[in-house]
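To start, the structure under review is shown below, and the notes come after it.
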Amino acid sequence: MRLVQIAGYLGSGKTTFLLALVQKLAENDKKVAILVNDMGEIPVDGKVMEKAGMKVKDIGGGCVCCTLSGSLMNTLLAIGREQNPDFIIIEPTGIAVPKNITELAQRVSKKVEISFGATITLFDTTRAEKLVTYDTLKRLISTQIKDSDIVALSKVDACDADAIKFSKEEVAKMNPNAEIINLSTKEGVGFEELASAVMEIEVSA
């Protein structure tokens, strides 16, 4: 199974994108497992996904990359042994660091077969200045972006060209090697490109 992470700060549009992505994968006859852990919002997100006909594994509680590391490892093992999907998509809490989740998955890969797909971080263009101005937020956002293969500038339909340009420049400073894609899941901008990347890209962890 190939592990794909959809990261990003709270409210960046991860769940909306994830819903559309999983539907796209299903249309391509891919078996998908979803692991969500967005703090107190998990039950709401889980119900939304279940209504769309998807199975969701709720860990519940704090951050998957720290307080629930044991639970995450056990969940990955169980999914690998019992379901063996083509893709396992993790939507971690908005304060999670992708690198830590990858390291946990590497340990699991010694017991079940796991390959690593693209790590995608959504960067909210409507809050770009705030995200890169406040020190605490900037440290978190920059860490997420540095761990990413692809950064999706989300909600581009809701901001002007200057905000998009500013967002792209800031992201490029944090990770000059990441591919940057404009995204509006609502309007379909950049979605097909991201979905193709998920299906095609395999990286070395």
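A short reminder: the numbers here are calculations on the coordinates, not readings from a lab. What you see is a predicted model, and the numbers here were worked out from it, not measured in a lab. Methodologically, a virtual Cβ is constructed for each residue, glycine included, from the backbone with ideal geometry; neighbour enumeration extends over all protein chains shown.
Structure summary
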read-out: Filter on 31/138; 14/165; 30/168; 30/186; 130/186; 30/173 - keep pairs with C-alpha separation over 27 Å; value: 31/138; 30/168; 30/173
read-out: Counted charge near residue 181, where neighbours are those whose Cβ lies closer than 12 Å (Asp, Glu -1; Lys, Arg +1); value: -3
